[in-house]
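Worksheet for the structure shown next.
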Amino acid sequence: MTAAVVAPTFVPVPAVPRTAPLGTVQNPLPLIIDSDPGLDDALAIGLAVARPELDLLAVTTVGGNADVRHCTTNALRLLDLYGASDVPVGEGSAGALFGEVVRATEIHGEAGIGSTVLPDASATARPEGAVDLIASILRSHPEPVAIAPIGPLTNIALLLRLHPHLGHRISHLCLMGGSVGEGNTTVSAEFNIYADPEAAAIVFESGIPITMMGLDVTHQAVLYPPASERLRGLGTRSGAVAAELADYALQREGQWYGTPRMSVHDAVAVAHLAIADLVDVAEYDVQVDTGSGPARGRTVCDGLPVRVDRKGRRMNAQVGIRIDRDRFEDVLVDAYSRLP
Ligand code: BDR
Ligand code: CA
């Protein structure tokens, strides 16, 4: 582990030992993914299914990249594709706790997974819905369970409000969202936080151990066109679909940023739970701007201990600051080589 500086800040922030739990092949980490699939969500779910260090207990869905009904259909069909149709799916909130519904269909397409059409799934979503499905798993699982929220944080906030006594059954929240530096949906705010800032504020103030994989690190976790050829070259159905999703994202994100690229944001949060030293993290006090001005949805990240003390606050999250891009690509290709 080397000292690292988060580029957009002038305060040098050292990398610290991770606090997120780590699954092993001998002792896989019990994990729930809360997601809005979503092109990068789709790759993150595939990674979770493929890695033997992770025990995927459920996928819950939330309105975000696309309408929640599309996200649920996508989750069910993707799990089928990945040979994991036994993983239960629960549908969650259609939109934010307050305010308008925000979507990212200009990147992910109207149905959330670009122009890819997957066969119907054999399973259907669980009748109890996302929040009760998560609650019942937290209650009944012998160990505390990690959650990787990779969409807006609405379901997680509702869970914490409806079942506050279950917070201690969550071992860690390894979430994708936010940014120390600039945002993507607005210059201030990253999409998952912007889509429900009030929910994000509840989560960051919950006291549950959090790792935040924000844009500072997920924009380092990029694929370029040769990566989609590697995925296609695996010769599997899952690899072919992953390549198709990547091609769509390369093109859409390319229009946005100028060159073909796919930031596989959500897979960074999942990978951190399976691989000890892929992502460097630093300690921050993260507060969410819930105001109505131009910084709405911004994660205000303070990495300077003396300033955090002076505010009477404490470091409440580890934040991803660096990832080895080449290794991350290899991790994804390797994962898809293990899927049907
Ligand atoms: C996040 O927003 C969504 O569009 C992606 O799936 C990811 O979770 C990136 O800002
Ligand atoms: Ca997502």
FRET E, pair Thr105, Arg327, Förster distance 30 Å, beta-carbon r, rounded to 0.05: 0.45
Under-5 Å amide H pairs with Ile170, H placed in peptide plane, nonlocal only: Val145
Packing-based ranking, highest mean first, of 59-66, 309-316 given that Cβ atoms within 10 Å are counted: 59-66, 309-316
Label-to-label distance, nm, for residues given as Leu162 and Arg237 (7 Å Cα→Cβ offset): 3.3
Distance (nanometres) between label positions extended 7 Å along Cα→Cβ at Arg139 and Val306: 5.0
Relative counts (whole %) of C-alpha pair distances in the chain, using bins that are 20 Å wide: 35, 61, 4
Linear extension gain, Leu22 paired with Ala123, 0.36 nm per residue minus alpha-carbon span: 33.4 nm
Listed residues Ser337, Leu278, Phe191: farthest to the positive end of the dipole of the chain (Cβ charges): Leu278
10 °C / 1.306 mPa s Stokes-Einstein diffusion coefficient of segment 138-280, Kirkwood radius on C-alpha pairs, µm²/s: 96
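A short reminder: the numbers here are calculations on the coordinates, not readings from a lab. Keep in mind the model is a prediction, meaning the values are calculated, not measured. Virtual Cβ from ideal backbone geometry, glycine too; neighbours counted across all protein chains shown.
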